[in-house]
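Each remark here refers to the structure printed beneath this line.
The values are calculated or read from the model by the stated rules, or taken from the named source; none is laboratory data. Please read these numbers as outputs of a predicted model, since none were measured by experiment. Virtual Cβ from ideal backbone geometry, glycine too; neighbours counted across all protein chains shown.
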Amino acid sequence: MKKENYSDLGETIKSDDSDFQFASEVKKRSGTDFNMCYHCWCCTGGCPFSHAMDYTPNGIIRLVQFGLKRKALESSTIWLCVGCNTCSTVCPMRIDMSAIMDTMRQMALEEGISVAEPDILNFHKEVLHSIEHYGRTHKLEIMLRYKIRKRDWFSDMDVGLKMLAKRKLDLMPSKVNDIGEIRKFFTDVKHKT
């Protein structure tokens with residue numbers, strides 16, 4: 001994938017391409033002041049997935065700062081971020097990149113923008129389904145449901161068998177004591193949307 005260096009754009013930005021409300025909306029919704037970023041690249045250097053991203057983490061911040069909403073929300077980067085917070089721990093300004101990426105994923109879905117990484121979105125849905133039903137993740141069910149949805153049965157069966165052998169996958173799910181509270185949370189969220 002091509003990486004863009006938005007600390008020094010190297011391309012002309014037309015004012016027609018900019019949505020000047022976008023940056024303030026991301027800042028408000030994420031609770032993060034990304035304008036403190038001075039593009040030192042620490043977040044990119046610390047990110048274990050930056051090599052697979054179309055824009056580096058600080059590149060995404062630059063897109064937001066310039067109001068390039070479409071480019072930011074259509075990027076693969078916002079979907080490839082796993083929210084590990086490595087970027088935030090190495091950031092000298094303590095910018096919460098995970099909150100920014102999560103906000104932009106939500107905005108992309110709300111605006112009906114085509115998801116750049118649909119498999120990742122499907123995986124997220126399976127994780128949420130597991131949490132809604134058990135109060136925690138049941139990895140075996142998540143993997144099986146994801147495989148069924150993707151219709152990809154055997155591509156990594158060897159990894160699944162190794163995980164089973166090492167007892168990394170429970171055959172039966174465990175539930176939290178008060179599953180009603182968890183389900184109430186999901187019901188409340190569904191009614192708000």
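L80 - would you say it is in contact with a Phe, Trp or Tyr (Cβ under 9 Å, 6 or more places away or on another chain) and closer than 30 Å to K27 by Cα? Yes. Here M93 meets the list (1) in a loop (DSSP other than H, G, I, E, B); (2) among the aliphatic types (A, V, I, L, M); (3) not assigned by TED's automatic domain parsing to the domain that holds A23 almost entirely, failing just condition (3).
A single entry from K71, K28 fulfils the requirement of being modelled with pLDDT of 95 or more and not in a loop (DSSP other than H, G, I, E, B): K28.
Scanning the stretch 94-120 for residues that are in contact with a Phe, Trp or Tyr (Cβ under 7 Å, 6 or more places away or on another chain) and either of a type outside the set (G, A, S) or over 20 Å from F49 (Cβ atoms) (or both), we see that the one that is surrounded by the fewest Cβ atoms within 10 Å (Cβ to Cβ) is E117. Being free of Cβ contacts under 8 Å to residues at least 40 places away in the same chain, surrounded by 15 or more Cβ atoms within 10 Å (Cβ to Cβ), assigned to a loop (DSSP other than H, G, I, E, B) and not polar (S, T, N, Q) holds for only one residue in H129, H39, and it is H39. Taken over the stretch 132-162, the criterion of being assigned to a helix (DSSP H, G or I) and closer than 14 Å to F186 by Cα is satisfied by E132, H133, Y134.
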